[in-house]
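Here is the structure we will look at, set down as structure tokens.
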Amino acid sequence: MRATLHGLHGLPRPFLPVLLLIVAVVAALPLVTGNPSLREELFFMLLLVTLATSVNVITGYTGYVSFGHIVFFGLGGYGAFWSMQVLGVHFLVAAALGVIPAVLVAVIVGGAVLRLRGAYFALATLGILEATKAFMTNFEPAGGAVGLSFNFSVYANYGGAKSAAEMAYVFMALVALGAITASYLVRHSKFGLALMTIREDQDAAVILGIDPARTKVAAFVISAVFPALAGAAFFFKNGIIEPGSAFDLTRSIESLVIVVLGGIGTVAGPVIGAAAYEWLRGFLITNPALASFQLTIAGVLLLVVVLFATSGLVGVIRSRVPRARGWLE
Amino acid sequence: MNLGALLPSAIDGLLLGCVYGLAAMGLTLIFGVTRVVNLAHGPVIAMGMFVVLAVASGAGLNPYIGVLLAAVVGLAAGVVIYVVAVDRVINAPELTTLLATFAVNLIIIGTATTLLTTSPRAVDVDLGALRAGNVTVMGTHVVAVVIAVAAAGALYAFLFRTRLGKSVRAVAADRAAAELMGINSRRMLALAFGLGTALAMTAGALLATMFSFNVLSGGTYETKSFVIVVLGGLGNPTGALIGGLVIGLLEGVTAVVIPVSWVPVIEYAVFVLILLVRPRGLLGSRQ
Amino acid sequence: MRGMRITAAVAAAVLVLAACGSGTTSGPKTLKIGFTASQTGAQELTSKRQVEGIKLWADQVAKAGGIKLKDGTVLTPQLVSYDDESKTDRVQALYTKLINDDKVDFLLSPYSSGLIKAAAVVGEQNGKIMVTAGGADDATMEQGFTSIYQLYTPGSKYLTGAIDLMLAMDPTVKTIAIVNEKDAFSTGVAAAAKPYAESKGLTVVLNEGYDSGTTDFAPLVNKIAAAAPDAILGGGHFQDGQTFAKAVFDKQVAARFVALLVAPPEPTFSAIGAAALGIVGPSQWEQSVKYDATTAAAAGATWYGPAVADFVTAYQTAYGAAPSYHSVGGYAAGLVLEKAIEDAGSIDAAAVRKALDALNLMTLFGQTQFSTDTKTHGKQTAHQMVYVQWQAAGDGLASQVVWPVAVRTAPILPRQ
Amino acid sequence: MSALLALRGVTVAFGGLVAVDDVTFDVEEGSITGLIGPNGAGKSTVFNAVNGVYRPRTGSILFDGRDIVGMPSQRIARLGIARAHQVVRPLTDLSVLDNVTVGACFGRDALGLVAGRRRAAGVLEQLGLADRASQPAGSLNVAQKKRLELARAVAAGPRLLLADEVLAGLNPHEVEEMLGVFATIRAAGVTILMIEHLMQAVMHLSDKVVVLDYGRLIAVGTPAEVQADPAVIEAYLGDPHAAERLLADEP
């Protein structure tokens, strides 16, 4: 099918397999070398890839700036953590169960707020995040402000803490690959075309026969599933979950920054953005001269990207390396 | 449930609500004129606090001189923020301006954290208190309300009575039409950003005379400002002031009947609901 | 592939062990100790104090020629640390790095319960011993860890002592309000205080949490005033505690006894002036409380390390400020680790773990003994809290130790 | 010929302002029907009522015998009513091909992406935009954008095409080309209802002309009939420019 599709443009370009292969090879490094600190670093990077790729579906493709997107990460984390602790189910089952609250919120709350446009939608997502966080801080069945934490013996069920951490890592990598694949498929589907039409002109989209309400909710759900799975893996590995770390507004904005840094509305953008962001962060934090000014430097760089390189790193690469144009989507 | 706290809490809430309203006015003025949701609002409020600290503890002067200075510094800072970070992307999609102002947020927070640390600070202002029965009203609160109302009044006089103010309003109403009338819209946008920032910093300065704070304290007031601004109608300064009173009252009164930690849940739920039911705000016109 | 990897790991481990084995006889060696510091974020201030304590310990040990083991090995401590930005997720990545890349021998903790919880999971995963300072959370130490050792008196005892103290001061106190910051640590403390108060016949007339970062306490204080309790217990951390105390004073709430967590022992608490008067707070350590060989003998513990006065002088010289309990916590964490390594005679984890389990130590920080029960392994069992109260002293205020009676510098006074 | 679209007593009002007042007319299947009238006569409002943007206060709109009043726009589009707007609104950041593909994929035929692209390519060929296919739609000039607007509507495979002043702003040469395009569309069996100010074009193309004035229907008939209708002439005399055009552009 790909070949026919691209038949209109020329040669088929195996962009997705190449991107997935690169991510998979990098993700496999710590497993092959057995380097746990590399594993920890890459876990974080894959998490950022997942969050940014997901938020890009609703923000990049559909044009709805979701400020509180991390709410799905937190809900997935809480759902999974609670399932493991109270229902005593295996992590994989719990991760699947954690998707339920995220999807419910995406459908019910998302369905309502997606009627809003522009800044109104962005502010509403912020409100949802803060409301959820405040609620969970008071919701005693989920531990309230203290949150939930595992007894260390839980990890024995997974062959010890180390192999549990490895399992969480592999799971995280698969979620990231899944998110990238989903993003690609959406981008190249009729559904994706509908999303981009809505982004460009919602009123025109309706006249053209697109049902914006249903289409947007579907996009919101897709963009909620992967963060939820990532939340399950993250908090399983962490061993603790509390409202502050589950519903962190900064992380929400971080993923939008990554999207813009890499190239909004592209498949590869969030991946490249996450890698660049993590590299930069690591560089700033380990450099003693810059460490104390790391936030300032990050702010200046973000401003430069926003003001002067609006198409992000993907755009920069495309304009510098003409041969990459066909390859980098 | 003890309702004895109802009256004092309602009064406290209304007084503080005036200052919340002032901060929110800054945010809503900027949005109304430039269509930019200013994510540097929180750090700007915190900057206002530190101006008072510098004047009172640093220079040993009357803290209220600091409040005045905060307004002046705010005007200048706002214009600088507009010129450096916003002007170039003023017509871009909202994500771009959101991230541009967020970058300013990072720059201010990063620099301030390094230079000033996140240690808690306090400016000791003792103006006594008015007491009647179980109601205690702190002098600092009363003065803050007076200043907040005066600042709001000054803004209105400027917007409705002066030529410059009318130009700002024209740009807010229709940028293209205003330009046809010969108004330099960029200058008005920069001015609006300056005024908005001045209001936010004044509010921060007043908060510093009442509560302890640190570099990161603006965050709480920023999210509160969002709630208020939506309540009063995005872009509507009167709405923001009234919204501030409503939120102040809501915080004070609901805390009497439910545990205080549930107040934010109510606050944000109301926020989302209002967006859904009346996105133009309770005071705004219907779509 | 996994099989291969494990084989490789085992082979590597054998090689490392062999290398160690061949070099154990004598000579100076580096003892790598890793931890994270919060150079930015919410824990910045207190973390800095703790790190100063750790550094002072390491410097003093190095100056004294290192830790000398029975077999003649001399260990010179080398500190490895990173900025955790006060964020739990960064902590996990950084502790993994400390263990695997920097190959540290032992771990010390970051500051605050939340960060310690995250770090402990990684330490435990890798079987690394971690001595924690700056964390008093009970729950962390009830998760079945085997390699984590807690120096601080657990949070559940923070306010129970205050209740004893309050009743000793004034047995007519009948009603109390418990109000605490809605974070993990303070909520845990308050949860433990409530049943204890009720067991003492007190009525809890108000029990609420407030949001971290609250600056406007008017609604809560109005509510307290309306409930008119005899005493108020609670608080959270420094900033909210200070602001809360000021609001209680401004609103003239007539409670006879007010005890707050964390804030009162900080010297800068008195910046709120008369509002600080009469406020009581639990402290892990106070300069005026004398721990020495005599008190050690009385408690059946071994005395170890420098005298309190010597430490205070050294700290003053090094940093130009008086140490707070956070500083001493960091210093003592090093001290306890040092003693355990000496007792074990090696840096082998199993041996040091055994030594820590057997420890009954008195240092300038007070007594230290760890639970060996499998459910609460590593939890602090012997360290005593003291309670300070801000009292009038001439024109200003002074913080006095008021409890326990044996170590007090002044008797407790009712508030106002 | 049977009526594909029938308006029966349609009234559209905004508050107290009646924009379309009790309008009744038919559009026969396979025909080209012109909708004319002076500025503000309510022509675009009729279009907006037909494709569900406005809901009439009273009356019914029958499409293929089925009342479509109250249906959401997207459903009406899928029934086979496509619209080319007066003010062109291309999806600026999408390519020309993608713009037209949207029409093909979400219109009446609701094609899959591959078939949709193929059809879009065909329509672009037909409308002379094939060489612009991969360009972003925002980069087209006005005439090209008009064509794109029409291409997008046509690609939907509609039964009824609502063409709103598609010829406005084009030079005579471009108008000439566009008339050819209309002929092609009609030949493909698409019924067309067009709003047009260019009288010559309307009179030349239309089988029937419907005239509105101040929201009311004042004449229906063949081009020759309406041009001779005194009510029409009077209505246009209120608008000197239009009257001039009406009289000058005798076919």
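The values are calculated or read from the model by the stated rules, or taken from the named source; none is laboratory data. Being a predicted model, the structure only gives us computed values, none of them experimental. Because the Cβ atoms are built from the backbone with ideal geometry, glycine has one as well, and the counts that use them run over all protein chains shown.
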Legend entry - Output for region D:122-143, where each listed residue is within 13 Å of another protein chain (Cβ to nearest Cβ), surrounded by 18 or more Cβ atoms within 10 Å (Cβ to Cβ) and under 22 Å from the mean Cα position of the chain (by Cα): D:L124, D:A137
Inset, instruction - Scan region A:200-211 residue by residue and report those that are at the interface with chain D (Cβ under 8 Å from one of its Cβ atoms), assigned to a helix (DSSP H, G or I) and in contact (Cβ under 8 Å) with a residue 12 or more places away in the chain. - result: A:E200
Legend entry - Unmet criterion (only one of (1) within 9 Å of chain B (Cβ to nearest Cβ); (2) at pLDDT below 90) for A:K162: (1)
Inset, instruction - Considering only residues that are touching a Lys or Arg at 6+ places or on another chain (Cβ under 9 Å) and among the acidic types (D, E), look in region C:333-380 and name the one that is farthest from C:L108 (Cα to Cα). - result: C:D373
Inset, instruction - Could you please find all residues in region B:171-226 being among the polar types (S, T, N, Q) and either outside any helix (DSSP H, G or I) or more than 14 Å from every other protein chain (Cβ to nearest Cβ) (or both)? - result: B:N184, B:S185, B:T197, B:T202, B:T209, B:S212, B:N214, B:S217
Legend entry - Selection status of D:S73, assigned by TED's automatic domain parsing to the domain that holds D:L212, under 23 Å from A:Q202 (Cβ atoms) and of a type in the set (G, A, S): yes
Legend entry - Listing of helices (runs of 4 or more DSSP H) fully contained in region B:1-105 that carry 3 or more residues being without any contact (Cβ under 8 Å) to a residue 40 or more places away in the chain: B:63-81
Legend entry - Residue check for B:V104: hydrophobic (A, V, I, L, M, F, W, C), surrounded by fewer than 22 Cβ atoms within 10 Å (Cβ to Cβ) and either within 14 Å of chain A (Cβ to nearest Cβ) or in contact with a Gly (Cβ under 6 Å, 6 or more places away or on another chain) (or both): no
Legend entry - Hits in region C:43-60 - residues which are among the small types (G, A, S) and either buried (at least 24 other Cβ atoms within 10 Å of the Cβ) or on the phi > 0 side of the Ramachandran plot (or both): C:S47, C:G53
Inset, instruction - State yes or no: is C:K97 surrounded by fewer than 23 Cβ atoms within 10 Å (Cβ to Cβ), within 12 Å of chain A (Cβ to nearest Cβ) and basic (K, R)? - result: yes
Inset, instruction - For region D:18-57, enumerate the residues that are free of Cβ contacts under 8 Å to residues at least 60 places away in the same chain and not in a strand (DSSP E or B). - result: D:N48, D:A49, D:G52, D:V53, D:Y54, D:R55, D:P56, D:R57
Inset, instruction - Grab the strands (runs of 3 or more DSSP E) fully contained in region C:159-255, keeping just those with 1 or more residues being buried (at least 22 other Cβ atoms within 10 Å of the Cβ), touching a residue at least 60 places away in the same chain (Cβ under 8 Å) and not β-branched (V, I, T). - result: C:175-181, C:231-235
Legend entry - Number of the condition not met by C:G278 [criteria: (1) closer than 19 Å to C:W403 by Cα; (2) touching a Leu at 6+ places or on another chain (Cβ under 6 Å)]: (2)
Inset, instruction - Return the total of residues in region C:256-294 being buried (at least 21 other Cβ atoms within 10 Å of the Cβ), more than 25 Å from C:Q43 (Cβ to Cβ) and out of contact with any helix residue (DSSP H, G or I) (no Cβ under 7 Å at 6 or more places or on another chain). - result: 1
Inset, instruction - Kindly provide the set of residues from region B:72-101 that are more than 7 Å from chain A (Cβ to nearest Cβ), of a type in the set (A, V, I, L, M, F, W, C) and surrounded by 23 or more Cβ atoms within 10 Å (Cβ to Cβ), ordered by number. - result: B:A77, B:I81, B:V86
Inset, instruction - Taking A:E140 as meeting all but one of (1) within 14 Å of chain B (Cβ to nearest Cβ); (2) closer than 21 Å to C:N180 by Cα; (3) in contact (Cβ under 8 Å) with a residue 60 or more places away in the chain; (4) not small (G, A, S), write down the number of the exception. - result: (3)
Inset, instruction - Among the candidates A:S319, A:S292, single out the residue that is at pLDDT 80 or above and on the phi < 0 side of the Ramachandran plot. - result: A:S319
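Filter region B:227-247 down to the residues that are part of a helix (DSSP H, G or I) and facing another protein chain (nearest Cβ under 9 Å), then identify the one that is surrounded by the most Cβ atoms within 10 Å (Cβ to Cβ). Quick ask: steps written out before the conclusion?
In the first step, residues of region B:227-247 are kept if they are part of a helix (DSSP H, G or I); the result is B:227-232, B:237-247.
From the residues that got through so far, the ones that are facing another protein chain (nearest Cβ under 9 Å) too are B:227, B:229-230.
On the way: B:V227: 27, B:V229: 33, B:V230: 31.
For region B:227-247, the residue satisfying everything is B:V229.
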Legend entry - Candidate set from region A:293-314 (those that are surrounded by fewer than 18 Cβ atoms within 10 Å (Cβ to Cβ) and assigned to a helix (DSSP H, G or I)); member that is nearest to the other protein chains (Cβ to nearest Cβ): A:V300
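Take the residues in region C:200-213 that are hydroxyl-bearing (S, T, Y) and more than 8 Å from chain B (Cβ to nearest Cβ), then tell me which one is nearest to C:T172 (Cα to Cα).
Checking each candidate, the answer is C:T203.
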Inset, instruction - For A:A275, indicate whether it is farther than 21 Å from B:V215 by Cα and at pLDDT 85 or above. - result: yes
Legend entry - Qualifying residues in region D:64-83 (those that are more than 14 Å from every other protein chain (Cβ to nearest Cβ) and under 19 Å from the mean Cα position of the chain (by Cα)) - the one surrounded by the most Cβ atoms within 10 Å (Cβ to Cβ): D:V69
Inset, instruction - Looking only at region D:116-129, decide whether some residue is of a type outside the set (V, I, T), touching a residue at least 24 places away in the same chain (Cβ under 8 Å) and touching a strand residue (DSSP E or B) at 6+ places or on another chain (Cβ under 9 Å). - result: no
Legend entry - Any hit, region A:222-238, residues being in contact with a strand residue (DSSP E or B) (Cβ under 6 Å, 6 or more places away or on another chain) and either of a type outside the set (G, A, S) or on the phi > 0 side of the Ramachandran plot (or both): yes
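For every residue, the table says whether it meets (1) assigned by TED's automatic domain parsing to the domain that holds C:A259; (2) more than 9 Å from the chain's Cα centre (by Cα); (3) under 15 Å from A:N151 (Cα atoms).
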residue	(1), (2), (3)
C:S109	no, yes, no
C:G114	no, yes, no
C:A120	no, yes, yes
C:Q125	no, yes, yes
C:M130	no, yes, no
C:G135	no, no, no
C:A139	no, yes, yes
C:E142	no, yes, yes
C:Y149	no, yes, no
Legend entry - Single condition D:G15 does not satisfy, out of (1) on the phi > 0 side of the Ramachandran plot; (2) touching a residue at least 12 places away in the same chain (Cβ under 8 Å): (2)
Inset, instruction - Under 6 Å between Cβ atoms, at least 6 apart or on separate chains: pull out the pairs that start in region C:121-141 with a residue that is within 14 Å of chain A (Cβ to nearest Cβ) and over 20 Å from C:G334 (Cβ atoms) and end on any residue that is aliphatic (A, V, I, L, M) and surrounded by fewer than 24 Cβ atoms within 10 Å (Cβ to Cβ). - result: C:Q125/A:A161; C:N126/C:I99
